[in-house]
Amino acid sequence: MGSPHRAGDPCETTLVPTEPLTKTVLGTGFSGCTISRSSAEIRGNPEYMGLSASNNRNREDSWFKSLFVRKVDPRKDAHSHLLAKKEDNNLYKIQFHNVKPECLEAYNKLCDEVLPSIHAEQNYPCELVGTWNTWYGEQDQAVHLWRYRGGYPALTEVMNKLKNNKDFLEYRKERGKMLLSRRNQLLLEFSFWNEPVPRDGPNIYELRSYQLRPGTMIEWGNYWARAISYRQHNREAVGGFFSQIGDLYMVHHLWAYKDLQSREDTRNAAWQHEGWDEVVYYTVPLIQHMESRIMIPLKASPLQ
């Protein structure tokens with residue numbers, strides 16, 4: 001090999017051989033032939049000069065992109081097994097119902113009449129965790145959170161039983177007349193978060209939803225396993241969940257506050273704890289999109 005030849009970017013060094021370089025030409029009617037070129041000919045040939053400059057640019061682009069592409073560590077287990085609570089096998093369903101504005105009052109009344117009966121039915125392995133209207137955020141929206149004790153088998157059992165529940169079928173029929181759209185997600189709860197339990201009011205609730213970059217859920221969990229201790233002082237932490245079906249790599253954090261000023265004061269106080277700034281600094285790059293809803297509980301909600 002000869003001495004290095006500097007081409008293109010002054011930061012790039014390309015080694016060009018002094019021995020003949022063999023180029024293979026394949027085309028129609030040819031089985032293939034070889035053409036030999038010396039390094040001197042290559043230096044003076046615009047075709048080869050273009051190839052060298054192109055290779056340099058490709059290497060520059062790859063290096064530049066590597067600064068912004070997060071490398072994901074290989075895992076030997078699903079993040080649901082690593083992050084979820086294992087002792088209780090709870091599955092959660094969150095529902096978002098966008099209601100016709102003129103029907104919101106009737107919709108709320110219907111939910112207050114029917115949802116508690118499902119919650120109280122001993123033969124259904126499910127519980128109504130909370131039900132709300134969005135106050136700030138997406139307007140004329142209802143949010144319902146259900147817990148299924150026993151995981152997917154419990155969900156399937158409840159669904160099958162509700163198919164024969166005349167009151168529920170009538171509820172769905174009436175509800176359909178009032179809705180513009182609806183969507184849901186199936187969730188697991190983070191092992192380091194509180195399990196949502198009924199609480200007295202009055203409270204407002206904030207649902208903060210984060211769409212994470214694929215492959216970053218473990219990293220998010222590692223940081224928040226420490227961060228949650230900074231947010232327990234006013235009992236504001238209600239529950240933390242991550243999606244399994246629906247929008248994937250979605251995280252939901254549910255918080256409770258006495259009012260909006262209490263929310264402001266509590267969030268500001270977190271910055272006084274050493275380590276909170278580090279959590280924010282390292283988790284923000286993991287987020288693709290985030291949304292905050294301020295919600296008011298309905299009368300039937302166990303979370304008041």
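The values are calculated or read from the model by the stated rules, or taken from the named source; none is laboratory data. Note that the structure is predicted; figures quoted are calculated from it, not measured. Using ideal geometry, Cβ is built from the backbone for each residue, glycine included, and neighbour counts are taken over all protein chains shown. We work out accessible area using only protein heavy atoms, side chains counted, and drop any ligands, DNA or RNA first. Shrake-Rupley method; radii C 1.70, N 1.55, O 1.52, S 1.80 Å.
Considering only segment 250-264, I want to know if a residue exists there that is modelled with pLDDT of 95 or more, among the aliphatic types (A, V, I, L, M), open to solvent by 20 Å² or more (accessible area, probe 1.4 Å) and closer than 27 Å to LEU110 by Cβ. No, every residue in segment 250-264 fails to be modelled with pLDDT of 95 or more, among the aliphatic types (A, V, I, L, M), open to solvent by 20 Å² or more (accessible area, probe 1.4 Å) and closer than 27 Å to LEU110 by Cβ.
Just one of the listed residues (ARG208, ARG231) is free of Cβ contacts under 8 Å to residues at least 40 places away in the same chain, surrounded by 14 or more Cβ atoms within 10 Å (Cβ to Cβ) and touching a strand residue (DSSP E or B) at 6+ places or on another chain (Cβ under 8 Å), namely ARG231. Among residues of segment 95-107 that are among the charged types (D, E, K, R), those with a Cβ under 9 angstrom from a residue that is open to solvent by 30 Å² or more (accessible area, probe 1.4 Å), sequence gap 6+ or separate chain, pair up as LYS100/ASP140; LYS100/LYS177; LYS100/LEU180.
Can you say whether SER52 is in a helix (DSSP H, G or I), of a type in the set (S, T, N, Q) and at pLDDT 60 or above, as far as the supplied structure shows? So SER52 fails the test. Checking each residue in segment 143-188 for being exposed (fewer than 14 other Cβ atoms within 10 Å of the Cβ) and among the hydrophobic types (A, V, I, L, M, F, W, C) picks out MET159, LEU169, LEU180.
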